[in-house]
Amino acid sequence: MRASASCAPVALACLAVLGLRTRAGADIPAGTCPGPERMKAIASVLSGGLMLACTPIRGRHSRAMLMGRVANPGKGRDWIYAMIDDTGTVLLDSRVAAKAADVDVAWSMVDLDGDGNDELIEQVSSPARIGIGIGRMRVNVYAIGDGAPVLGGSLAVSDTLGDHRNGCHGAFRYSSEAKHLLIEVESTTQADPKLAPAPATCPPSGRHRYRWDGAKLIEVPVVDPPPRPRPAP
């Protein structure tokens, strides 16, 4: 993972890169982490034996998130994330998405709709071919329920990997609306007539906001704050 490069555009987006979490309240129940022996067994399977850090996930479902470094990283992907239930069974493993699409994956747990249950925010990115930065990025949101997490929305953020074609540069962040946290994506698509059109994976240009309704993402209008009145001359 390339945390420093990913965190540069938007500070709040670094929550996903660093595997941190936001809290709606300290009194909300959370899942539990396995004991030391069970953690060693899970670490042996997931990370080649290196001990994993465990963070309880808040909500009515007893879940926890594991985060650790892989013993033998490949292509810079040296971090691993996993979600487990109260028995220590792995429900979702970040290596599956990373291997299938040859990408970097980072997780965070965020209560988007303020109901006391965390959602899983997954940032999937491919490094730029030249220089430091993100070449392609998507943000996936999963509902955490009784079984394995269920994908409820996927937002394209940027794509600059195409050769001899236009690309799109973007970033995502969280913004507040009442008790909700909205995911906001802002992207600009290049329109150089000398290059081929931008790929279909580019998000719509401009600023777009999305609310979580408990199961899926819904786009909502962008409402800018009213302009400040000018002082009287």
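Which one of these is of a type outside the set (K, R) and in contact with a His (Cβ under 9 Å, 6 or more places away or on another chain): L217, L195, L181?
Answer to the check: L195.
With the requirement that a residue be basic (K, R) and assigned to a loop (DSSP other than H, G, I, E, B), what does region 192-233 give you? Before the answer, list the steps.
Taking region 192-233 first, the residues basic (K, R) are 194, 207, 209, 211, 216, 228, 230.
K194, K216, R228, R230 - these are the residues of region 192-233 that are basic (K, R) and assigned to a loop (DSSP other than H, G, I, E, B).
Quick one: in region 178-233, of everything that is among the basic types (K, R) and free of Cβ contacts under 8 Å to residues at least 40 places away in the same chain, which residue is surrounded by the most Cβ atoms within 10 Å (Cβ to Cβ)?
Restricting to residues being among the basic types (K, R) and free of Cβ contacts under 8 Å to residues at least 40 places away in the same chain, the top hit is R209.
Taking region 186-208, which residues are within 20 Å of the chain's Cα centre (by Cα) and within 22 Å of A97 (Cα to Cα)?
The answer is T201, C202, P203.
Out of everything in region 144-177 that is among the charged types (D, E, K, R) and either touching a Ser or Thr at 6+ places or on another chain (Cβ under 6 Å) or over 30 Å from I84 (Cβ atoms) (or both), what residue ends up being surrounded by the most Cβ atoms within 10 Å (Cβ to Cβ)?
Checking each candidate, the answer is D159.
Report yes if some residue within region 113-123 is of a type in the set (V, I, T), farther than 23 Å from R60 by Cα, at pLDDT 90 or above and touching a strand residue (DSSP E or B) at 6+ places or on another chain (Cβ under 9 Å); otherwise report no.
No, the conditions are met nowhere in region 113-123.
Of the numbered conditions (1) touching a His at 6+ places or on another chain (Cβ under 7 Å); (2) farther than 22 Å from V150 by Cα; (3) at pLDDT 95 or above, H208 satisfies every one except a single condition; which is it?
For H208, the failing item is (1).
The values are calculated or read from the model by the stated rules, or taken from the named source; none is laboratory data. Model, not experiment: these values are computed from the prediction. Glycine gets a Cβ as well: all are built from the backbone with ideal geometry, and neighbour counts include every protein chain shown.
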